[in-house]
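Only one structure is covered here, and it is reproduced in the block below.
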Amino acid sequence: MLTALATSATGSEFDIFENLMASRGVVLGVLIVLLVMSVVSWAIIVYKALWYARAGAASRRFTDRFFETTNPNELYRAIADKVDSPEGRVFVAGFKELGKLSNRSGAPPLASGFENIERVVNRIQLQEVANMERLLPFLATWGSAGPFMGLFGTFWGIMMVFLGIGSQEEQANLLTTVTPHIAEALVATAIGLLAAIPAVMAYNYFVSRVRRLVMHLESFGQDYLNVVRRLYFQ
């Protein structure tokens, strides 16, 4: 590693890609982990961005349709097999429970059955919130751990540089020998920061998106329960 670093020290410019290719041992392993985890992080960012965009659009379409309808039974029959929004899944689950409460003669359900529907609605809401938050802990963890992993690669690289200099028979010039090697080792920290910063920014943005979606879902749940109580439990 010391030979490769000494070669770059004689150049007039610092080439980060050349230094990445010249890395060896633990530093190379750290850089590979950083690059792989960065690719995974970007894949999650793209996936969740598309997921939130689709979920938000589907939620708006369904809630508009729900509040425009005068017959929830017709809406249930129309979307029961093709639900594509969190609110739609809450609606379908509540209506399925309502159907179970109705007896075979077609009589309306008992007033006490409303609590069952309320429990089902709350359970589906919790499931939808968990689905919204899926994969976000990875971004949070990677955003926190990435810089420390890069710092570990830098520490290890600097330690190897000083060990290599200490093993040389002749006295080395500190400015021309040590300083370029330290700059080389700091590449790991730079890569760690570059990998972690997008994850942190995306995580914070997605948390705000989840917060808005949850507020919309909870608001719909309350409105839905009010409609069910008014139509079927009076």
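The values are calculated or read from the model by the stated rules, or taken from the named source; none is laboratory data. As the structure is a computational prediction, the values presented were derived from the model and not from experiment. Neighbour counts are summed over all protein chains in view; Cβ atoms, including those assigned to glycine, are modelled from backbone coordinates with ideal geometry.
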What are the pairs, 6+ residues apart or on separate chains, where a residue within segment 138-156 that is within 15 Å of Trp42 (Cβ to Cβ) has its Cβ under 7 Å from a residue that is assigned to a helix (DSSP H, G or I) and among the β-branched types (Val, Ile, Thr)? Phe138/Ile44; Leu139/Ile44; Gly143/Val200
Among (1) within 18 Å of Phe220 (Cβ to Cβ); (2) in a helix (DSSP H, G or I); (3) out of contact with any Phe, Trp or Tyr (no Cβ under 7 Å at 6 or more places or on another chain), the one test that Val83 misses: (2)
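I need a count of the residues in segment 20-64 that are among the aliphatic types (A, V, I, L, M) and either modelled with pLDDT of 90 or more or touching a strand residue (DSSP E or B) at 6+ places or on another chain (Cβ under 8 Å) (or both). If you could, list the steps in order and put the result at the bottom.
From segment 20-64, those among the aliphatic types (A, V, I, L, M) are 20-22, 26-28, 30-37, 39-40, 43-46, 49-50, 53, 55, 57-58; that's our starting set.
From what is left, the residues that are either modelled with pLDDT of 90 or more or touching a strand residue (DSSP E or B) at 6+ places or on another chain (Cβ under 8 Å) (or both) are 36-37, 39-40, 43-46, 49-50, 53, 55, 57-58.
Qualifying residue count, segment 20-64: 14.
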Do the conditions hold for Val200, that is, is it within 18 Å of the chain's Cα centre (by Cα) and surrounded by 14 or more Cβ atoms within 10 Å (Cβ to Cβ)? yes
Look at Met159 and say whether it is in a helix (DSSP H, G or I) and free of Cβ contacts under 8 Å to residues at least 24 places away in the same chain. yes
